[in-house]
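Working notes for the structure below.
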Ligand SMILES: Nc1ncnc2c1ncn2[C@@H]1O[C@H](COP(=O)(O)OP(=O)(O)O)[C@@H](O)[C@H]1O
Ligand SMILES: [Mg+2]
């Protein structure tokens, strides 16, 4: 992508989406700057996947606008698709194929001139070279998810969507995937990841957007979110609120039935 592109990688304004009577997105606003990792943090059922599916052109919004890498998801879907990749909650890896075959297959589908070279570079980058010629069915959960992320990078998309990249992984595999995600942003790729894990948002994201009741109810760096809440004094030590405390405080006070805090 040309670096002369200006404006954020993702700009969402007043996005709405209902399933029947259920309003899942109710005026979603979000900006993601280029080359940053933003975590869309929300509980199960908050609408994270719905938002990502709209941004990746798989689903049409009822209202509002979303621009990804300079193209409108509703009217310029093909342009959006050319500059993004989506890694879903359930790995797209073909278990029968080897890691290398999975990667070269994607490269061929994307009409790259040299899929094998691209595959080998990605295998190296995600520490999968030793396992490259084994069937993906023999991979651990972490290896499989790393392969999945590697597959999403074939063709060098400007914007990568990761929908709950570590859900269902054991702690060691989660750390491996976190390293893989960090290496994405280090190479200039913009990453929008969804997560229901506070520690994941805390450790990976440059900025955190909390999705609740269909809209972003708080957004900022961890430090900015912390500044919304005064430190508590515990046994003479000033204790910074954790993201969990911030999340519960915000979400707990966002409902229509919530009482004013004094
Ligand atoms: N195709 C669908 N039809 C009806 N309801 C749906 C559909 N997809 C999602 N939902 C509902 O929309 C809400 C948000 O779902 P989703 O975006 O998957 O949330 P999340 O990814 O944050 O867990 C949930 O209540 C879910 O049951
Ligand atoms: Mg989801």
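Tabulated values for the structure
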item: Given (1) modelled with pLDDT under 95; (2) farther than 28 Å from residue 71 by Cβ, index of the condition residue 180 fails; result: (2)
item: Only one of 15, 40 that is within 13 Å of ligand 2 (Cβ to nearest atom), buried (at least 21 other Cβ atoms within 10 Å of the Cβ) and in a strand (DSSP E or B); result: 40
item: Residues of region 153-188 that turn out to be away from ligand 1 (no atom under 14 Å from the Cβ), out of contact with any helix residue (DSSP H, G or I) (no Cβ under 9 Å at 6 or more places or on another chain), on the phi < 0 side of the Ramachandran plot and in contact (Cβ under 8 Å) with a residue 60 or more places away in the chain, as a count; result: 0
item: Residues that are part of a loop (DSSP other than H, G, I, E, B), over 24 Å from residue 167 (Cα atoms) and either in contact with a helix residue (DSSP H, G or I) (Cβ under 8 Å, 6 or more places away or on another chain) or in contact (Cβ under 8 Å) with a residue 12 or more places away in the chain (or both), drawn from region 89-113; result: 110, 112
item: Lone qualifier among 193, 147, 169, 175 - being more than 21 Å from residue 10 (Cβ to Cβ) and outside any helix (DSSP H, G or I); result: 169
item: Residue in region 45-57 that is farther than 25 Å from residue 106 by Cβ, surrounded by fewer than 16 Cβ atoms within 10 Å (Cβ to Cβ) and within 16 Å of ligand 2 (Cβ to nearest atom) present; result: yes
item: Test: residue 137 is within 14 Å of residue 176 (Cβ to Cβ) and surrounded by fewer than 16 Cβ atoms within 10 Å (Cβ to Cβ); result: no
item: Those residues of region 58-88 which are part of a loop (DSSP other than H, G, I, E, B) and either within 13 Å of ligand 2 (Cβ to nearest atom) or in contact (Cβ under 8 Å) with a residue 12 or more places away in the chain (or both), in sequence order; result: 58, 59, 60, 61, 62, 69, 70, 73, 74, 88
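The values are calculated or read from the model by the stated rules, or taken from the named source; none is laboratory data. Since this is a predicted model, take the numbers as computed values, not measurements. Reconstructed Cβ throughout: ideal geometry from the backbone, glycine too, with neighbour counts over all protein chains shown.
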